Amino acid sequence: MSAVFPKLVLFDLDGTLLDSAPDMVATVNQMRAARGQGAMALEALRPHVSKGSRAMSAAAFPQLGGDVPGEMIREFLDIYEQVLGQHSVLFDGVAELLDAIEAAGSRWGIVTNKPEYLARQVLPKLGWQSRCAILIGGDTLAERKPHPLPLLHAAAELGAAIDDCVYVGDDRRDIDAARAAGMRSVVALWGYRPDGDQPAEWGGDVMVETSRDLLGGIPTR
């Protein structure tokens with residue numbers, strides 16, 4: 001029996017489809033080197049990746065006490081754009097999962113809080129520019145996750161009923177956004193989470209350890 005998927009499967013990007021932490025640590029380590037500081041370990045930065053550039057910069061420079069100036073965020077984004085895709089890889093099973101979704105006649109897209117201009121540069125590096133049905137970045141619309149607007153917009157643009165959609169993400173904001181949109185959600189436990197996070201408390205509909213757990217299909221309502 002072939003796998004059954006909703007008509008539209010939407011994914012978060014960093015920490016869900018793409019292990020981009022190696023690119024991120026290369027970015028912050030260029031910033032640290034410019035300030036005469038030693039390299040930060042990959043595993044020290046990994047839990048902060050899904051929280052965005054401000055959180056990663058704060059983790060890389062704890063002496064700032066979380067008060068990261070705007071020029072440092074711009075520096076982070078400029079350096080990251082230069083190294084984007086040089087070290088990142090797909091999480092195990094993601095390529096097969098996307099193939100399975102397409103083979104079932106369903107579509108998939110990306111809703112991320114990463115700035116759209118950076119997210120769009122990822123697609124051709126992975127051969128996804130003609131496969132990804134829609135890409136919504138953190139600055140595409142007036143709101144970003146955990147607001148439901150990006151998910152609602154993606155479904156509307158593709159003519160998909162909410163009940164025919166599912167959102168897969170590794171961060172609480174992903175699950176909160178899906179719930180607010182009335183969309184079924186899958187918690188990607190393989191992603192980036194800081195110590196103390198309790199994904200079982202997020203209220204996701206399904207929790208999976210690896211993307212391979214979804215190859216048999218994703219439950220719908």
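The values are calculated or read from the model by the stated rules, or taken from the named source; none is laboratory data. Computed from a predicted structure; not experimentally measured. With ideal geometry, Cβ positions are generated from the backbone for all residues, glycine too; neighbour counts draw on all protein chains shown.
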What number goes with the only condition from (1) surrounded by fewer than 19 Cβ atoms within 10 Å (Cβ to Cβ); (2) in a loop (DSSP other than H, G, I, E, B) that Met72 does not pass? (2)
Of all residues being buried (at least 22 other Cβ atoms within 10 Å of the Cβ) and in contact with a Leu (Cβ under 8 Å, 6 or more places away or on another chain) in the stretch 1-18, which is farthest from His153 (Cα to Cα)? Just the residue, please. Leu18
Criterion: surrounded by fewer than 16 Cβ atoms within 10 Å (Cβ to Cβ), among the aliphatic types (A, V, I, L, M) and in the same structural domain as Asp14 (by TED's automatic domain parsing) - qualifying residue of Met207, Met183: Met207
Out of Ser130, Ser106, which single residue is within 20 Å of Val94 (Cα to Cα), more than 17 Å from the chain's Cα centre (by Cα) and surrounded by fewer than 18 Cβ atoms within 10 Å (Cβ to Cβ)? Ser130
